[in-house]
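The values are calculated or read from the model by the stated rules, or taken from the named source; none is laboratory data. Since the model is a prediction, treat every value here as computed from it, not as a measurement. Please note: Cβ atoms are built from the backbone with ideal geometry, for glycine as well, and neighbour counts cover all protein chains shown.
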Amino acid sequence: MSIIAFIGVGNMGGGMAANLAKAGHEVRAFDLSEAAVARAVSHGCSAATSARAAASGADAIITMLPAGTHVLAAYQDALFAAAGPDTVLIDCSTIDVATARQVNELAAQKSLKMVDAPVSGGTGAADGGTLTFMVGGPDAAFAAAEPILAKMGKAVIHAGAAGMGQAAKICNNMILGATMVATAEAFVLAEKLGLDAQTFYDISSKASGQSWSMTTNCPVPGPVPTSPANRDYQGGFITALMLKDLKLALAAATQAGASVPMGAQAEALFQLFANNGGGGLDFSAIIRLLRG
Ligand code: NAD
């Protein structure tokens, strides 16, 4: 059993912390939201009064925070100082590659082991312990983090050096955003041509148009009964978070000098949809914008 400080027990972190507690770890939860901490406590965690209190004497520190600014501040203001020489630092938030590298570099300067370990999978996967972790950092840090991450996920993959977990995450989600737009516009065209949605699905899902956006998160109700389209696009992976990841991908592309025209087009469309009130809906609701 390890002592684990969990900073940020919101929609994702709450379920993840609960799975660590269920696995027998002592999990100290800290969040700016009292309601989030209360939920973690109801799932077997203990409440910490501050990030520093949670992290003091912990074997591992996990952060699951909104953005790079929160992560950098949390480590600089409290967590680096509270970490012991053998503590492993694990940032599971989705943040920009540059900040991930910066925080990892600051940890290395203090001889602390750190990984960036963003996740694929939404709140259902966080609650169910079936996340996929994409991990960047030195081998020794990965080795220390891997057994802890394994209690929260179905796959833990070492992507390379510091920042490569974030790189894998945003590249993956750039594909996801673009394929969802392409899939949704194909369903709209099929409708307008008089091709039945179920018939189109039966063909394309077995042909070269197949993707996760079609066979798991199908943007029209019917063909995939579990897709958010069947519940009026509630739940799932909300447009605002897809937009966040696409913006991170575009920023990284600008810095790296990469040309990403499909990613840029997807970002523009999801931004337009969010501006029109779609930010809280599953990202497959982009089909509403495409219907006009
Ligand atoms: P959330 O807003 O529900 O949770 C973030 C939590 O961090 C909140 O409870 C907030 O109060 C807390 N917080 C903010 N600043 C803090 C600080 N300084 N100290 C302590 N707590 C602080 O967001 P979420 O959906 O859980 O997402 C968390 C991260 O996971 C984000 O980076 C997001 O992009 C990523 N992510 C989310 C999903 C998803 O489907 N929700 C999927 C994959 C990745």
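Can you name the residue in the stretch 193-241 that is among the aromatic types (Phe, Trp, Tyr) and in a loop (DSSP other than H, G, I, E, B) and is also farthest from the ligand (Cβ to nearest atom) among such residues?
Step one: filter the stretch 193-241 for residues among the aromatic types (Phe, Trp, Tyr), giving 200-201, 212, 233, 237.
Filter once more, keeping what is in a loop (DSSP other than H, G, I, E, B): 233, 237.
Numbers: Tyr233: 14, Phe237: 5 Å.
Per the stated criteria, the residue is Tyr233.
Could you tell me which of the residues Val103, Val71 is within 11 Å of the ligand (Cβ to nearest atom), in contact with a strand residue (DSSP E or B) (Cβ under 8 Å, 6 or more places away or on another chain) and either in contact (Cβ under 8 Å) with a residue 24 or more places away in the chain or under 18 Å from Ala141 (Cα atoms) (or both)?
Values: Val103 fails: within 11 Å of the ligand (Cβ to nearest atom).
That would be Val71, the only listed residue that is within 11 Å of the ligand (Cβ to nearest atom), in contact with a strand residue (DSSP E or B) (Cβ under 8 Å, 6 or more places away or on another chain) and either in contact (Cβ under 8 Å) with a residue 24 or more places away in the chain or under 18 Å from Ala141 (Cα atoms) (or both).
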- Task: Go through the stretch 161-187 residue by residue and tally those that are farther than 19 Å from Ala240 by Cβ and touching a Pro at 6+ places or on another chain (Cβ under 9 Å).
- Result: 6
- Which condition does Ala18 not pass, out of (1) out of contact with any His (no Cβ under 6 Å at 6 or more places or on another chain); (2) touching a residue at least 24 places away in the same chain (Cβ under 8 Å); (3) not β-branched (Val, Ile, Thr), if it passes all the others? (1)
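Being over 14 Å from Asn217 (Cβ atoms) and within 33 Å of the chain's Cα centre (by Cα) is the filter here, so list the residues in the stretch 187-198 that pass it. I'd like the intermediate steps shown before the answer.
Within the stretch 187-198, the subset over 14 Å from Asn217 (Cβ atoms) is 188-198.
Matches in the stretch 187-198: Val188, Leu189, Ala190, Glu191, Ala197, Gln198.
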- Message: Please pick out the residue among Ala36, Ala53, Ala17, Ala23 that is over 25 Å from Thr130 (Cβ atoms) and out of contact with any Ser or Thr (no Cβ under 8 Å at 6 or more places or on another chain).
- Response: Ala53
- Message: Please pick out the residue among Ala81, Ala51 that is touching a strand residue (DSSP E or B) at 6+ places or on another chain (Cβ under 6 Å) and over 12 Å from Ser2 (Cα atoms).
- Response: Ala51
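Return yes or no: is Asp91 of a type in the set (Asp, Glu), near the ligand (Cβ under 10 Å from one of its atoms) and either more than 17 Å from Gly10 (Cβ to Cβ) or touching a Gly at 6+ places or on another chain (Cβ under 6 Å) (or both)?
Values: of a type in the set (Asp, Glu): yes; near the ligand (Cβ under 10 Å from one of its atoms): yes; either more than 17 Å from Gly10 (Cβ to Cβ) or touching a Gly at 6+ places or on another chain (Cβ under 6 Å) (or both): no.
Taking the combined requirement at face value, the residue does not satisfy it.
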- Message: So in the stretch 1-44, with the set limited to residues that are within 10 Å of the ligand (Cβ to nearest atom), assigned to a loop (DSSP other than H, G, I, E, B) and of a type in the set (Gly, Ala, Ser), which one is surrounded by the most Cβ atoms within 10 Å (Cβ to Cβ)?
- Response: Gly8
- Where a residue in the stretch 141-159 is part of a helix (DSSP H, G or I) and surrounded by fewer than 22 Cβ atoms within 10 Å (Cβ to Cβ) and its partner, wherever it lies, is at pLDDT 95 or above and not small (Gly, Ala, Ser), with Cβ under 6 Å and at least six apart: Ala144/Val88; Ala144/Lys113; Glu146/Val156; Ala150/Val156
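Does Thr215 qualify as being within 19 Å of Thr183 (Cα to Cα), surrounded by fewer than 18 Cβ atoms within 10 Å (Cβ to Cβ) and of a type in the set (S, T, N, Q)? Quick ask: steps written out before the conclusion?
Values: within 19 Å of Thr183 (Cα to Cα): yes; surrounded by fewer than 18 Cβ atoms within 10 Å (Cβ to Cβ): yes; of a type in the set (S, T, N, Q): yes.
Criteria met by Thr215.
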